[in-house]
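Note sheet for the following structure.
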Amino acid sequence: MALFEEISGSFARETNMLCEAISTTMKDVRTFMEDDDSWAIEIPRGGGEVHKNTRLMVGYIASMTDTLVSTRDFAPSHSTGNLSGLVDDTVKYLNDLLQRKSELCLDLSLRYLFLQNNSYFVATRDIGHGDSEHHQGLELTPECKNHMDSYLGVSWAHVISSVSKSNPSGPLRRWLTNTSSLAKFESAFHKTYQAQKIWKVPDPRLRDALRRAIIERAISSYNDHLKKHPELAEHASRGNSTPAVLEEMLGQLFEG
């Protein structure tokens, strides 16, 4: 019995030392994350994809969680409770860090795409089992949904609004107004597409969901406008800007 107590006490002391070392290391990691100058460069250069520091932090969190599971099974103690709190606090810190560092990106569309990619990466990792994915289907947290809505708003709302909803009197004025609206929509669409076509959404499920969301908002509005004004459908066809063509273009977005 005495031998068992001695071994147990020794293991508990070793666990305490390990937890203290992890806590000290994570303080140093946070300092590095705050001082790293690569955020402002890598966000636009990477087209909004998952940042290397996000992957690094998730790796640290996964290692801490694995350590927590191992030590808690053999010697539950006050230190393991502290380590559990450190894991939760680090996840919260990472999400806050991403929000703050995203503000270094002046392009709002790219900023929200970056936040969506990185917050989704954090949310869809099984922290207790390293860097493996634990969601089989697409599951967006409220935070991820907000980032997607913000991206759609700043990137595509002005494209949709280009399609005029006015209905001026007189066939000539109506035709001129609708033709002008069609030209504005096509111009805004192609400008946005060209600016974002090399941006990256690495997760295929998220990429597909984002494409479908753009199609549902932009192409659906465009298609409805053409149905209300069939005289414009032929004009759109001559300009190679039919809804089908534009939808096919959107299917190429975010490949990087």
Sequence-distant lysines (8 or more away, or on other chains) whose Cα lies within less than 18 Å of K191: K200
More than 15 Å apart - percent of Cα-Cα pairs taken over the stretch 143-250: 65 percent
Cβ-based net charge around T242, under 12 Å, with every Lys or Arg adding one and every Asp or Glu removing one: -3
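Bear in mind that the values in this text are calculations on the coordinates, not laboratory data. None of the values given here were measured: they were computed from a predicted structure. Heads up, the Cβs are rebuilt from the backbone with ideal geometry, glycines too, and the neighbour counts pull from every protein chain shown.
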